[in-house]
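Beneath this line is the structure, given in structure tokens, with notes to follow.
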Amino acid sequence: MPIDETHPIANPYGYFDAANREYVITRPDTPTPWMNYLGEGRYGGIISNTAGGYSFDRDPRTRRVTRYRYNSIPADQPGRYVYLRDQETGAYWSPTWQPVVGRQLEAYECRHGAAYTCIQSTYRGIAASLLYFVPPGEACEVWVLRVKNASDRPRRLRSFSYAEFGYYDALIDQQNLDWGMHIVHSRYADGTIVTSTQFRPTLTFFSSNVIPAGFDTDREVFIGRCRDLANPIVVETGEPRQSEAPRGNNVGSLCHDLVLAPGEEQEIIYVMGVTDDPGTVAPLLARYGQPREVQAAFEALRADWDTYLSHFTVETPDAEVNAMLNFWNPVQCRATLYWSRFVSAYETGLGRGMGTRDSAQDTLATVQAAPARAREVLDVLWHLQFQDGHTWHQVFPLTGEGGPGLAGEFLDWPQWFSDDHLWLVLAVCAYLRETGDFAYLDHHVPYWDGEGAPAGDDTIWGHILRAVDFTLTHRGPQGLPRLGFSDWDDTMNLDHGSGKAESVWCAQQFCRALLDLADLCDYLGKGDNAARFRALHREMADTVNRVAWDGAWYARAFDDDGLPVGVQGETYHQIGLNPQTWAVIGEIETGDRLHRAMESAHEKLDTPYGMALMAPPYDRSDLRVRGTTTYPPGAKENGGIFCHAHAWAVVAAARLGWGERAYQYYRQILPLARTDADTFAAEPYVYCGNICGPTHPQYGYGRNAWLSGTASWMYVAGTQWILGIRPTFTGLQVAPVIPGDWPGFRAARLFRNVTYRIAVERMGPGNAVSLTVDGRPIEGTIVPFPPAGQTEVVVRALVGQRG
């Protein structure tokens, strides 16, 4: 199918509708299920372009509402389905295409928006649409079915809903089938299906605003023997069986009759949710049984997103950059803030929890629009810190239970990661630059191992100091931070229990954290602390330059025996990306080495689809490095394009003033720029976690979309480093590093309750900036805070040397 050339941002399966801020999918047979997220951090779930996916309340493992079968055949089932049946002919289909994929719909369109999805189609003269969303603040979801008779004769139809319920602990539901299926039962009363157990108050409810003609709650009865979701016996015969499931597989199927004159439209509103208080169900159903209440809730949802998205808007010469920075990138960032890497079309939501390092980085791109939520996340993460300064690697959001993550599989190896606690330091500094909430440093949070202990509670500042001290007291033979189980690269498993393996990259991350803390202390008047942090930075930077410089780039790490990884003498992994980019980000040098390191990375790692994480990849198992070599060459950490790390290349290039290259790197992994949908396969509107590298047979294939640290860092890279608009402790900095052929751009940035309207104009080559603020020229690139009461600042920035 050709690309729709009437839309500027398109691929063979759909396009971005900028006016309505929706990605429009025009074919249901996308290369992979193209997902969206419903809800805003409590009740919600994932939904595909054919209504596959599932729902949960806060925690997809321990409070699951509906089922989903990952990696199954047929793919992307079950979901939130409605079947329609023509009572005269017996023909049946689904407006969402799935699960009755044998029907050739005459028209199909899915519109993914911010926390809602609408799928519409036409079949044999019947036009239907299904809108799915979660009303703000509610533990329920709403489906709005609209069916219109587009033919020239009266039509008699029956609709059958379908959602599949299991036990709330999704792990039990998959692993202990006998017990799990004995304890869950469903019943029907007064138009509502209720699924529950007899030993806990939690119940799932499914209802509609129209009294059903019938119902079913038993999957085996609804589907029939030797059938599946494509041809359930109840839909095929058109007769609900009024089944109540005493055990087994429970479903929510409500049957409704629709009699439509030509041109007539009817609407059914379904409400599904979960609660521990049965008394809340009836009022909730009464409210959302009213179309005006549903419309008001949907408008409130849209308004909330309008507010969130209004904190930063931009108009550049690149339409795809505008679409990402104004809409899809911040939408994705909000999803990562809510769910870290916990639940997606790739992560089942059963075992991983929310990552400490992941969630800390997720705050970096959301703190300007959701500061209260960012602070809540930081509180949760700091509570994972032990008194010695390291932190748990992950946490489950509902229980607060922490854990070591992958390290728990190798109990003889270090049970901590060298970077987790340092991300919290970086995140707090970013939070303070954005909000000015310096009282947060005096806020108390308990240590994980401090319950009841005299020193078990500490200020955030105290937590920060212990994080710094942990790195200082856990250094290896050469003075670099010990690697622990690994650093940011989970597969960098060089320490097999000796405690000697060291991370060059973590040393550079530590350098960045120290500089951020020094800047903070300068602002707070803590001169002694600032001097100490800068001295520690210089010491660590000198160590890196002394032991890790390999002549043209920096080594990646040192193993148990003190031998380097990521150097020219190696057969595999001669160069790694991260130590080159973070040498720049950590400001460990001021001379030619930074340029040489980044040039080496560009020469040896750059590809049209992004920067490979390292090269050459391993082609066999290697017990020295363990995890990396579990992947084939070109996959993920073994020479794949790890998009999260690629984002750091954008930041590093911009920091060096390389405008053309920063923009090149930015566009290389820009999903809206990929028109080769059958190669890329992943959603074309959000960043994916990794792309198969040049040594892989599926080079260019994207995986692990939506929940990726790529989202946060690409937003930071685009807004703060290419456009150059970034918060500081003393004001808003405007220092663009844009391509030479851009005439300029415009932006609006809300910073500490003041709107900055910024117009950038290129005057010549280079990145030199001259600022005019409210009509008056100022020195430097930082716009100082305006007088109290002023709510708008007008900034004009001239970029480049005049000819």
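With both bridge residues required to lie in the chain, what share of the DSSP beta bridges run antiparallel, to the nearest 5%?
95 percent
You can think of it this way: the chain between Asp178 and Ala75 has 34.5 nm of extra reach, that is 0.36 nm per residue less the Cα-Cα gap. Each of the peptides 422-429, 194-201 was scored by the mean count of other Cβ atoms within 10 Å over its residues; in descending order, highest first, they stand as 422-429, 194-201. Potential lengthening of the chain between Phe785 and Leu472 amounts to 109.1 nm, from the contour at 0.36 nm per residue minus the alpha-carbon distance. Taking each DSSP H run with n ≥ 4 as -39500 (n - 2.57) and averaging over every residue of the chain yields -8000 deg cm²/dmol at 222 nm. Coupling constants for segment 156-172 follow from the phi torsions by the Karplus curve (6.51 cos²θ - 1.76 cosθ + 1.60, θ = phi - 60°), and in residue order they are 10, 10, 10, 10, 9, 7, 8, 9, 10, 10, x, 5, 5, 7, 5, 5, 4 Hz; glycine and proline get x.
Model label points for Glu265 and Ser621, set 7 angstrom from Cα along the Cα-to-Cβ axis, are 6.1 nm apart.
Annotation: amide H of Asp457 within the under-5 Å range of Tyr447, sequence separation 5 or more or interchain, hydrogens built in the peptide plane.
Over the chain, what relative contact order in percent results from Cα pairs under 8 Å that are six or more residues apart? Averaging sequence separation for qualifying contacts and normalising by length gives 9 percent for the chain.
Distance from the Cα centroid of segment 428-446 to that of segment 234-286 is 48 Å (rounded to whole angstrom). For the pair Gln242 and Thr728, label points projected 7 Å from Cα toward Cβ lie 7.5 nm apart. Seen against the Cα atoms of the chain and their longest principal axis, helix 527-547 is set at about 90 degrees. Taking label positions 7 Å along the Cα-Cβ direction at both Arg757 and Asp592, the computed distance is 4.8 nm, reported to one decimal.
Extension gain, Arg546 to Ala189: 0.36 nm times the residue separation minus the Cα-Cα distance gives 121.0 nm. Contact order for segment 726-799, expressed relative to its length and based on alpha carbon pairs under 8 Å spaced 6+ residues apart, stands at 37 percent. Compared with the dominant Cα axis of the chain, that is its longest principal axis, helix 592-605 is turned about 40°.
Distance between the C-alpha centres of segment 606-674 and segment 93-108: 39 Å, rounded to the whole angstrom.
A Förster radius of 51 Å, combined with the Cβ-Cβ distance separating Thr679 from Asp412, puts the computed FRET efficiency at roughly 0.75.
Here the calculated FRET efficiency for Thr772 and Asn231, from their Cβ-Cβ distance with R0 = 60 Å, stands at 0.30, rounded to the nearest 0.05. Across segment 644-757, C-alpha contacts under 8 Å between residues 6 or more apart give a mean separation that, scaled by the residue count, equals a relative contact order of 23 percent.
Only the coordinates and a few stated rules stand behind these numbers; no lab work does. Quick caveat, the model's predicted, so the values are computed rather than measured. Please note: Cβ atoms are built from the backbone with ideal geometry, for glycine as well, and neighbour counts cover all protein chains shown.
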